[in-house]
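One structure is given here, and the rest of the page talks about it.
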Amino acid sequence: MLKESDIVDTVCNLLSEKKFKIECRSNTNQHGYDIIASKENETNKIELYIEAKGETSSRKDSANYGHTFSNSQIRVI
């Protein structure tokens with residue numbers, strides 16, 4: 001099962017490979033965006049504000065701990 005922290009790690013690694021600067025990266029206990037990243041070139045600046053969702057909670061006291069996504073939570077585009 002993928003935890004939110006797994007998703008954040010993977011997305012940050014991908015963004016770094018694409019030359020984005022990770023401005024802010026939250027842990028699972030913080031509120032707000034999970035990742036804020038930016039990339040600048042001679043003509044513009046791109047800013048990304050990302051909210052990540054994991055399949056299960058990382059907190060053992062959470063009602064979602066150990067549960068996978070239900071069919072209604074999964075969408076393939």
Q: Working only within segment 25-39, note down all residues that are over 10 Å from A52 (Cα atoms) and outside any loop (DSSP other than H, G, I, E, B).
A: R25, I36, A37, S38, K39
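When segment 7-24 is examined, which residues are found to be touching a Ser or Thr at 6+ places or on another chain (Cβ under 9 Å) and either loosely packed, with under 15 Cβ neighbours inside 10 Å or part of a helix (DSSP H, G or I) (or both)?
Listed by number, the residues that qualify are V8, K21, E23.
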Q) Of everything in segment 25-48 that's surrounded by 13 or more Cβ atoms within 10 Å (Cβ to Cβ) and not aliphatic (A, V, I, L, M), which residue is farthest from H67 (Cα to Cα)? A) K39
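Laboratory data are not the source of any read-out in this text; all were calculated from the coordinates shown. Note that the structure is predicted; figures quoted are calculated from it, not measured. Cβ atoms come from the backbone with ideal geometry, glycine included; neighbour counts cover every protein chain shown.
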